[in-house]
1. Restricting the search to segment 245-280, which residues are under 18 Å from residue 18 (Cβ atoms) and assigned to a helix (DSSP H, G or I)?
2. State yes or no: is residue 80 surrounded by 15 or more Cβ atoms within 10 Å (Cβ to Cβ) and not in a loop (DSSP other than H, G, I, E, B)?
3. So residue 119 fits all but one of (1) buried (at least 19 other Cβ atoms within 10 Å of the Cβ); (2) touching a residue at least 40 places away in the same chain (Cβ under 8 Å); what number is the exception?
4. Exactly one of these conditions fails for residue 179: (1) under 22 Å from residue 67 (Cβ atoms); (2) surrounded by fewer than 22 Cβ atoms within 10 Å (Cβ to Cβ). Give me its number.
5. Which residue out of 184, 205 is buried (at least 18 other Cβ atoms within 10 Å of the Cβ) and touching a helix residue (DSSP H, G or I) at 6+ places or on another chain (Cβ under 7 Å)?
6. For segment 48-74, what are the residues that are under 11 Å from residue 118 (Cβ atoms), surrounded by fewer than 17 Cβ atoms within 10 Å (Cβ to Cβ) and either free of Cβ contacts under 8 Å to residues at least 40 places away in the same chain or within 17 Å of the chain's Cα centre (by Cα) (or both)?
7. Could you identify the single residue in 278, 245, 230 that is surrounded by fewer than 18 Cβ atoms within 10 Å (Cβ to Cβ) and modelled with pLDDT of 95 or more?
8. If you scan segment 123-134, which residues turn out to be under 18 Å from residue 209 (Cα atoms) and crowded, with 18+ Cβ neighbours inside 10 Å?
């Protein structure tokens, strides 16, 4: 994937820690899940849905490396197999997804599903008419207390007058009525970082749900982003308290059926591993700045 980076100077305060929208979402979903992923860094099995999300994102990114006239659905479909080969080379553990697929039927169906998601993308917009300013943009800034906010923006479109549109691809379905706020938190998080870095509030936040062929749009303002900053600070305060007390509580939900760590969860009779020593003094960083998987797309 092509990647670029934009970051504001780190605040004068010593770095307090770092937080991305994915890890913030983990904590809001289940503090124990946050602990397992960020503090314990427990391995997780590759997921076919999350891997398909990564594959589709990879193809959509590569699509904009082509000349405008070549950005067609047919060319996108032709990029799928080579992109999958590269992913398998870069992450050999993905091979286990189709370890028992002797005749290749499962893989063929999986790639067909990815092709269908790309088809829905082309029904939503025409990439031949677009020239993104940035793709896979790493953004980072630090709040005045030293907390670093960071993440990857799928696409940033900028008009001639400098107005920004933040675009994120989701390979799942659009949220139902009443659940949009959770989906938009990630986008407001990115908008907050961009506002701090570039001094301008993005004009539009756009979530493209390829699973259902829908677009969720939101126009943020400064009050929105100040509220998002307050929420992020409150989340970090809660993470800090959990760290100090060693109190990482489970929040059971329907998502537990897909959690790799369910056998270790007290809510299901499990026992978490002992906390690492480093977790007894300060909140952990939320993971390597360079790594990203589209686990939040499903």
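1. Here is the first cut: in segment 245-280, the ones under 18 Å from residue 18 (Cβ atoms) are 276, 278-279.
Selection gives 278, 279.
2. Yes; evaluated as a whole, the condition is true for this residue.
3. (1)
4. Of (1) under 22 Å from residue 67 (Cβ atoms); (2) surrounded by fewer than 22 Cβ atoms within 10 Å (Cβ to Cβ), only one is false for residue 179: (1).
5. Details: 184 fails: touching a helix residue (DSSP H, G or I) at 6+ places or on another chain (Cβ under 7 Å).
The unique qualifying residue is 205.
6. 74 - this is the single residue of segment 48-74 that is under 11 Å from residue 118 (Cβ atoms), surrounded by fewer than 17 Cβ atoms within 10 Å (Cβ to Cβ) and either free of Cβ contacts under 8 Å to residues at least 40 places away in the same chain or within 17 Å of the chain's Cα centre (by Cα) (or both).
7. Details: 278 fails: modelled with pLDDT of 95 or more; 245 fails: modelled with pLDDT of 95 or more.
From the options 278, 245, 230, the qualifying one is 230.
8. Let us first name the residues in segment 123-134 that are under 18 Å from residue 209 (Cα atoms), namely 123-127.
Within segment 123-134, just 127 meets the criteria.
The values are calculated or read from the model by the stated rules, or taken from the named source; none is laboratory data. Worth saying up front: this structure is predicted, and the values here are computed from it rather than measured. Ideal geometry is used to build each Cβ from the backbone, glycine not excepted, and the neighbour counts take in all protein chains shown.
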